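Here is the structure we will look at, set down as structure tokens.
The values are calculated or read from the model by the stated rules, or taken from the named source; none is laboratory data. Quantities reported herein were computed from a predicted structural model and do not represent experimental measurements. Here Cβ is always computed from backbone atoms with ideal geometry, including for glycine, and neighbour counts include all displayed protein chains.
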Amino acid sequence: MAENIQKGNSKIAKLLQQLLFLLGIVVLWQLLYFVGVDVLEFWKPYAMPSPAGVWKSLLRLIENGSLFAAIGNSLLRGMIGFAISVVIGTLLGFLMEHFKFLHQNMRPLVMGIQTLPSVCWVPFSILWFGLSEQAIIFVVVMGSAFSIAIATDNAIRNVPPIYQKAALTMGANQKQIYRKVILHACLPELISGLKQGWSFAWRALMSGEVMTTCIGLGQTLITGRNLADINQVMLVMIIIVLVGILIDQLFFRSLERSIYRKRGLL
Amino acid sequence: MSLQLRNITKTFQDSGQDAVRNVDLEIADGEFVCVVGKSGCGKSTLLNLIAGLEKPTAGEILLDGAPITGPGADRVVMFQEHALFPWLNVIQNVKFGMEIAGLPKQEQEEKAMKYLRLMQLEEYRDYAVHQLSGGMRQRVALARALTLDSKILLMDEPFSALDKQTSNRLRAELQDIWMKTRRTIFFITHSVEEAVYLADRVIVLSSGANSVQDIVPIELERPRHVYDNAFVEYRHRILDEVQKEL
């Protein structure tokens, strides 16, 4: 009990330290702005964002409702794209694991495509779908499905053979082995793969949104550039980071933790 | 009713070496057979062949007259590592084989509890695998194996990863269970003492031209005691056999 409280306390202390560190950076940043822009006039005010300016942008975008619309639209688009990626990626990964032919021939190709930065899919996507929702979602899928496929292949391959052997000698057939053994055994690694897939999807989403004109965080970023509003640009960048982290922590990390804890891996 | 190995040879393709050579063996119903031998003499290969996890290069294996073509629940294996599934709790693990076999839920529950009780683990039915000690895990694995009523139980050094005290306790429990249930057991071990303690017959494997070097029937009353003179004699005799080659 006492140990738990102590653990809790040290956790809060750690969090507090991290918050203070961030606060320190913001203060330093504002100071830098003050010295560089106001005192020395070393930078032009339109070329240098400041914490105060970003804050004002935040209030303005909340007030006119465009911030939450942008976040909502981006998240929805990202989730649709990610969901399609999960279906395609796990299926492709499963096939690559199951058929030796595909593992030998398809996997190198998939790994090759995976090295292509997702922004490189944008021109192709626009030629196919025009400046549309589908174009962005296509970029998201191309950006994350292949990494999920490789992760799925690896996750299944890394299942300790002893589990399959044990199930075989208890009379399980191939279908039962996949359903009752491999599916469960590969879950921790699969979730890690999906988590990584999400971070790829989120990056690809921003590449797609920046290049098209649909409402979303990427487009808000470009609007900031068009208006030469560096504070808005900075704000949207911060929001993109925060939303990415939030999904990662809230969804994937807690899912991962519950699975690991149940199996005594934490 | 028995398991018959007819002139079994297993050659591994990558090394070209014979893991098992010319094994002729018959195991009677209800018999407890232990296999001893130096590491690398093909003990585990022999077990894998009977389990159907490996196919013999030559010869055939018959169970009640029918040739073995692959793994099956009539020859359930208990491994050196417990091989319990970490995503299932104790009772779910024990039920796994019965679930595969499609037994009615009620029967699964009753049988699982019966064997957990036999292993004195009924209080641990809802525990996660990682919460159990090494010895308890092997007892759960044994309970899981027993629920399947297999014709023969194959045990691949099941107690060798445990500390001496635990493994001694488990082999006494196994002797107890065998005396109660008279299952047919094919048991691999590197401990001659364990073999003499448990077996009706001890098979000594070697890396010679024929894998089976000697078969020693153990004519001792059960329960057995490791300090009896007769026990010690058997032990020395078999130990000499094992160490004879080289």
Only listed residue being in contact with a strand residue (DSSP E or B) (Cβ under 8 Å, 6 or more places away or on another chain), over 18 Å from A:Val86 (Cβ atoms) and within 14 Å of chain B (Cβ to nearest Cβ), chosen from A:Lys175, A:Lys165, A:Lys180: A:Lys165
For the stretch A:68-85, how many residues are surrounded by 20 or more Cβ atoms within 10 Å (Cβ to Cβ) and either among the hydrophobic types (A, V, I, L, M, F, W, C) or not assigned by TED's automatic domain parsing to the domain that holds A:Ile191 (or both)? 2
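Under 28 Å from A:Tyr260 (Cα atoms) and assigned by TED's automatic domain parsing to the domain that holds B:Ile91: is that true of B:Gly102 in this structure? Explain how you work it out, then say what you get.
Values: under 28 Å from A:Tyr260 (Cα atoms): no; assigned by TED's automatic domain parsing to the domain that holds B:Ile91: yes.
Considered against the rule, which asks whether it is under 28 Å from A:Tyr260 (Cα atoms) and assigned by TED's automatic domain parsing to the domain that holds B:Ile91, B:Gly102 comes out as no.
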Assigned by TED's automatic domain parsing to the domain that holds B:Ile238, surrounded by 20 or more Cβ atoms within 10 Å (Cβ to Cβ) and farther than 21 Å from A:Gln174 by Cβ, is that true of B:Leu62? no
Of these, A:Gly72, A:Gly53, which one is under 26 Å from the mean Cα position of the chain (by Cα) and assigned to a helix (DSSP H, G or I)? A:Gly72
Checked B:Val196, B:Val202 against criteria (part of a strand (DSSP E or B) and crowded, with 22+ Cβ neighbours inside 10 Å); the one match is B:Val202
Output yes when any residue across the stretch B:153-170 is crowded, with 23+ Cβ neighbours inside 10 Å, assigned by TED's automatic domain parsing to the domain that holds B:Gln17 and small (Gly, Ala, Ser), and no when none is. no
With the condition being among the hydroxyl-bearing types (Ser, Thr, Tyr), I'd like the strands (runs of 3 or more DSSP E) fully within the stretch B:1-43 carrying at least 2 qualifying residues. B:2-11
Enumeration of residues in the stretch B:67-91 that are closer than 16 Å to B:Thr45 by Cα and surrounded by 17 or more Cβ atoms within 10 Å (Cβ to Cβ): B:Ile68, B:Pro71, B:Arg75, B:Val76, B:Val77, B:Met78, B:Phe79, B:Gln80
Of the criteria (1) touching a strand residue (DSSP E or B) at 6+ places or on another chain (Cβ under 8 Å); (2) farther than 30 Å from B:Lys244 by Cα; (3) of a type in the set (Phe, Trp, Tyr); (4) away from chain A (no Cβ under 14 Å), which one B:Tyr127 fails: (4)
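Let's see how each residue does on (1) among the β-branched types (Val, Ile, Thr); (2) in contact (Cβ under 8 Å) with a residue 40 or more places away in the chain; (3) within 30 Å of B:Asp64 (Cα to Cα):
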site: B:Leu116; (1), (2), (3): no, no, yes
site: B:Tyr124; (1), (2), (3): no, no, no
site: B:Leu132; (1), (2), (3): no, yes, no
site: B:Lys164; (1), (2), (3): no, no, no
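Can you pull out the residues in the stretch B:48-98 that are of a type in the set (Lys, Arg) and either in a loop (DSSP other than H, G, I, E, B) or more than 9 Å from chain A (Cβ to nearest Cβ) (or both)?
B:Lys55, B:Lys95
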Inside the stretch A:207-257, can you point out the residues that are within 18 Å of A:Gln196 (Cα to Cα) and hydroxyl-bearing (Ser, Thr, Tyr)? A:Ser207, A:Ser254
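Residues B:Leu142, B:Leu148: which one is surrounded by 22 or more Cβ atoms within 10 Å (Cβ to Cβ), part of a loop (DSSP other than H, G, I, E, B) and either under 20 Å from the mean Cα position of the chain (by Cα) or within 14 Å of chain A (Cβ to nearest Cβ) (or both)?
After applying the criteria, what remains is B:Leu148.
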